[in-house]
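The structure appears right after this line, and notes come after that.
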Amino acid sequence: MLLPHFIQGQDTVKQTREDKIIYVDSITGDTTSGDTIAKDTTGIKAKAASEKKAALKAKVSYSSLDSLRFEIKEQKVFLYNKAVISYEDINLKADFVEINFAKHMFHAKGVPDTTGKDTGEPEFKEGDQTFQSKSMSYNYNTKKGYIKTVFTKQDEGYLHGTVVKKMENNITYIKDGSYTTCERREDPHFEFRFAKGKVIPGKRVITGPAYMEIAGVPTPLAIPFGYFPNRSGRRSGILIPTYGESANRGFFFINGGYYWGISDYMDLYLKGDIYTRGSWAVKPTFNYANRYHYRGSVNFAYSVNLTGTVDAPDFTKKKDFLFQWSHAQDPKARPHSSFSASVNIMSNSYNTNNLVDNATTYLSNQFNSSVNYATTFGNIGTLNLNFSHSQNTLDKTININLPQVAFSLNQFFPFRRKSRIGNMKWYENIGVKYNLDLQNSYTTSDTMLFKPGWQNQMRNGIRHTIPISASFQVLKKIIWTNGININDRMYSQTVRESFIKSPKTGNDSLVTDTIYGFANAFDANFNSTMRTTIFGMYQFKNGPIVAIRHMLTPSVGFSYTPDYGAPVFGYYRYIDNDTNTINQQKYSIFRNGIYGGPPGQKSGLLNFSLVNNLEMKVRNRKDTVTGTKKIMLIENFTISTNYDIAKDSVKWAPISLSAYTTLFKSLKITYGSSWDMYALDALGRRTNKTEWEAHHRFLRLDNTRWDVALNYSLASKKGAKKKVPDKGDSQELKDIMDHYEDYIDFNIPWSFSISYNFSFTKSRANALSRQESLVQTFYFNGQMNITPKWKVNLSTGWDFVHGEISYTNIRIDRDLHCWEMHFNWTPKGAQQQWSFSINVKASILQDLKLDKKKDFRDFGN
């Protein structure tokens, strides 16, 4: 039974032992038994008692599970079985502890069990330091100790020592010890063995000459002295590079440099690569974070890759750069405003000339950046400031938008009463919004970026939009919405076009001039739409299908736009042409405007659309509430067209069909097509003659597109472990041999995902030709833990159109307890490579590793 604590410095302590109560005076050591407390009867002088009290700075409390034994004259206490001692910040646990109050000493050790193995070995803790040992002696007054066969954790590492002396300043001296990051107390997987060592808590571990052992086998790896950091948190220091040899670039040191822990809020990695044949790279990374406020990182890379021999025909020199910046703000930091950044800018050949981290980056050719600041003004409106960048590494185009400003006022109702009495008047539903957009855009190729005269390529403008709308309910089932949209565009430049006759050829050539100066473009349009919803249902009396429901949403609308191409507005002009005054060509002076210009012709469109939704209800025994479940057959199928009353001919637009649905939760189908009722002439232009008149058919398929995408994922479920028979039962062992499959756990963690994409597009490339496009791919990604320590990941696919395997990557990971091993292989393609690495897990020994690699730049040319 657990005994009550014995408190040094208090008057009495009691403990139960063999059902007898013993009372002990904590100063004199006198004992008595019975129901009364013994007083001081030994005649020890009060002076001696006071001196003993003064010897202790705090209370010593101790207890044991089995028994206590006292030696009064020697002032000793012996504790047996799970003894616990506490004094100030000292805590000691062991199966046997001797306390010598006269010498202020603790002695502790384990106790042999029936097999002769020591159990309950001492575990000593003082502050942040913890020791596990075979035996120990410690003076709790001088804070010095002598420990044998010690095991202690130091930051990310572990120290083993045959003999350890602990000094009063917490400095520890070790004899015949070792240092490792393996947590195994007995037989660590690897260790650095040394004869003498010194531990300065919170700073460093210093040893004499040391050599490395792996699995108990000495290796030739030796060092004249050992220096291991022993401090929590970030630490500045040298980053040891990976070395090796490349077939095309010579010997190399890669990812070497320096780590600078600037402060608790930021750090900097300065890494670089160097090759003996001239290739090099520099790759700094800056990280910053402020908890509960923001965090981010800035990554830059510049590389020069040389292949071949200088002055040889196959010699190439390629320079590339990469700049990435990510910033995220904690939503709680500023609830009414936010700032974020995701910048990804690189040279168009960076991914092809440098090894990238993953397949997604390698297969991408479109990169986008955005820096955004947004704030709200209560219930009034919002302001959004943005910088954006887009880059295509195939056609080498770059588009930069700086700045982009968007300000909007929330919808308000100017005619609505603050305190309404009775029904709302029709004019009280009139709502008004306001939007302001400002944008400056620069589009060019990467070779012409910021070349002289780049300012003239910028496009900019300001747009004001005021939508006014009101909705009413008609006959309780129809929603009638009316609106007026007012647009105003402001530009700093317009264009003028003219034909100029060439003095050499005598032919006319079109010349476009840019006219600088303020220009304003105003337009407005009106729209009105009626919409309702109709439901239809068919119920089944028998069978698995309960009902089929069809929902239709028809809408009819009208929109009107005046003719802003009329000369009175001045938005459109005719090309100056002295030689041809009959067929003058009309153009918009805002043709290059970033927000375009007002429409150049009058339109009065009658719009028709019909939206369909079809779902089915089936019986389901798993649903104990309704007994049914819904299955979506068609999520959306829309038929739409319009009729322009303002045209004198060819008034009907092509009929547009669009549909999408998801079957079995993973199969997505999208369809779109357009059907024209008008025939084409010899040049492929629409005529006033219908298809029925020309070819005796109602409609002609103009454009079509089919998209089918299947995405399916599946993962294992961890089941109950099978019971393994007792090894002592020979019959059960025989059963294992005869029916081993019943005892092997095949429930291995695994997961995989497959995707199938089919896309067919048939469209008119120009007036005389059509083009077809077909994409059909299959992609697989899966991972499996063959054992708790082995993991395999495979990513591959098949291109049905080209009949070849797509980008494939195989990765194998092995957990080696305190080590880890990785193998990565891309067998084919422009980024074919393989790499093998084995390294210590602990970051404190992150440079203790072996790397072997060969990437696409190393294969023979």
| said: Considering only residues that are of a type in the set (S, T, N, Q), in contact with a Ser or Thr (Cβ under 7 Å, 6 or more places away or on another chain) and open to solvent by 50 Å² or more (accessible area, probe 1.4 Å), which ones fall in the stretch 444-459? | reply: 457
| task | Could you name every one of the strands (runs of 3 or more DSSP E) located completely within the stretch 749-861 that has at least 2 residues being closer than 29 Å to residue 255 by Cβ and out of contact with any His (no Cβ under 7 Å at 6 or more places or on another chain)? | result | 770-784, 790-799, 809-816, 819-826, 833-840, 849-854
| Taking residue 650, is it β-branched (Val, Ile, Thr) and at pLDDT below 90? | no
| note | For residue 532, the lone unmet condition from (1) modelled with pLDDT under 90; (2) open to solvent by less than 60 Å² (accessible area, probe 1.4 Å) is (1)
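Let's see how each residue does on (1) open to solvent by less than 70 Å² (accessible area, probe 1.4 Å); (2) within 26 Å of residue 311 (Cβ to Cβ); (3) among the hydroxyl-bearing types (Ser, Thr, Tyr):
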position	(1), (2), (3)
237	yes, no, no
241	yes, no, no
245	no, yes, no
249	yes, yes, no
252	yes, yes, no
256	yes, no, no
262	yes, no, no
268	yes, no, no
274	no, yes, no
| request: Could you look through the stretch 325-356, keep only residues that are without any contact (Cβ under 8 Å) to a residue 60 or more places away in the chain and in a loop (DSSP other than H, G, I, E, B), and pick out the one that is nearest to residue 389 (Cα to Cα)? | output: 349
| Near pairs, Cβ below 7 angstrom, 6+ apart or cross-chain, from the stretch 781-799 (in contact (Cβ under 8 Å) with a residue 40 or more places away in the chain) to any residue that is open to solvent by 40 Å² or more (accessible area, probe 1.4 Å) | 795/781
| said: Residues that are in contact with a Lys or Arg (Cβ under 7 Å, 6 or more places away or on another chain) and either farther than 22 Å from residue 817 by Cα or modelled with pLDDT of 85 or more (or both): does the stretch 150-157 have at least one? | reply: yes
| task | Search the stretch 809-821 for residues that are of a type in the set (Val, Ile, Thr) and pair each with any residue that is open to solvent by 40 Å² or more (accessible area, probe 1.4 Å) when their beta-carbon atoms are under 6 Å apart and the residues are at least 6 apart or on different chains. | result | 810/794; 810/825; 812/792; 812/823
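With the structure loaded, tell me whether residue 408 is of a type in the set (S, T, N, Q), outside any strand (DSSP E or B) and either modelled with pLDDT under 90 or within 25 Å of residue 482 (Cα to Cα) (or both) or whether it fails that test.
No; evaluated as a whole, the condition is false for this residue.
Okay, residues lined up against (1) at pLDDT below 85; (2) farther than 30 Å from residue 509 by Cβ; (3) of a type in the set (Ser, Thr, Tyr):
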| residue | (1), (2), (3) |
| --- | --- |
| 582 | yes, no, no |
| 590 | no, no, no |
| 598 | no, no, no |
| 623 | yes, yes, no |
| 657 | no, yes, no |
| message | I need the full set of residues from the stretch 597-629 which are without any contact (Cβ under 8 Å) to a residue 40 or more places away in the chain and not small (Gly, Ala, Ser), in order please. | response | 620, 621, 622, 623, 624, 625, 626, 629
| field | From the options 415, 472, residue that is modelled with pLDDT of 85 or more, of a type outside the set (D, E, K, R), touching a helix residue (DSSP H, G or I) at 6+ places or on another chain (Cβ under 9 Å) and open to solvent by 70 Å² or more (accessible area, probe 1.4 Å) | value | 415
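With respect to residue 51, determine if the residue is modelled with pLDDT of 50 or more and more than 60 Å from the chain's Cα centre (by Cα). Write out each step before concluding.
Numbers: modelled with pLDDT of 50 or more: no; more than 60 Å from the chain's Cα centre (by Cα): yes.
When the stated conditions are applied, residue 51 does not pass them.
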| task | Could you check how many residues of the stretch 299-331 are at pLDDT 85 or above and either out of contact with any His (no Cβ under 9 Å at 6 or more places or on another chain) or among the polar types (S, T, N, Q) (or both)? | result | 22
| Members of the stretch 302-313 found to be in contact with a strand residue (DSSP E or B) (Cβ under 8 Å, 6 or more places away or on another chain) and within 15 Å of residue 247 (Cα to Cα), listed by number | 305, 306, 307, 308
| remark: The correct count of residues that are assigned to a strand (DSSP E or B), modelled with pLDDT under 90 and open to solvent by less than 50 Å² (accessible area, probe 1.4 Å) in the stretch 101-118 is 2
| Within the stretch 208-313, which strands (runs of 3 or more DSSP E) (wholly inside it) include 3 or more residues that are within 37 Å of the chain's Cα centre (by Cα)? | 226-229, 237-239, 242-246, 250-260, 266-275, 280-290, 294-307
| query | Which condition number does residue 435 fail, the rest of (1) free of Cβ contacts under 8 Å to residues at least 40 places away in the same chain; (2) within 33 Å of the chain's Cα centre (by Cα) being met? | reply | (2)
| note | Those residues of the stretch 60-90 which are under 20 Å from residue 141 (Cα atoms), in a strand (DSSP E or B) and open to solvent by 20 Å² or more (accessible area, probe 1.4 Å) amount to 61, 76, 84, 86
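The values are calculated or read from the model by the stated rules, or taken from the named source; none is laboratory data. Small disclaimer: the values here were computed from a predicted structure and weren't measured. Don't worry about glycine lacking a Cβ; one is built from the backbone with ideal geometry, like all the others, and counts go over all protein chains shown. In case anyone asks, the SASA skips ligands and DNA or RNA and just uses the protein heavy atoms, side chains included. Shrake-Rupley method; radii C 1.70, N 1.55, O 1.52, S 1.80 Å.
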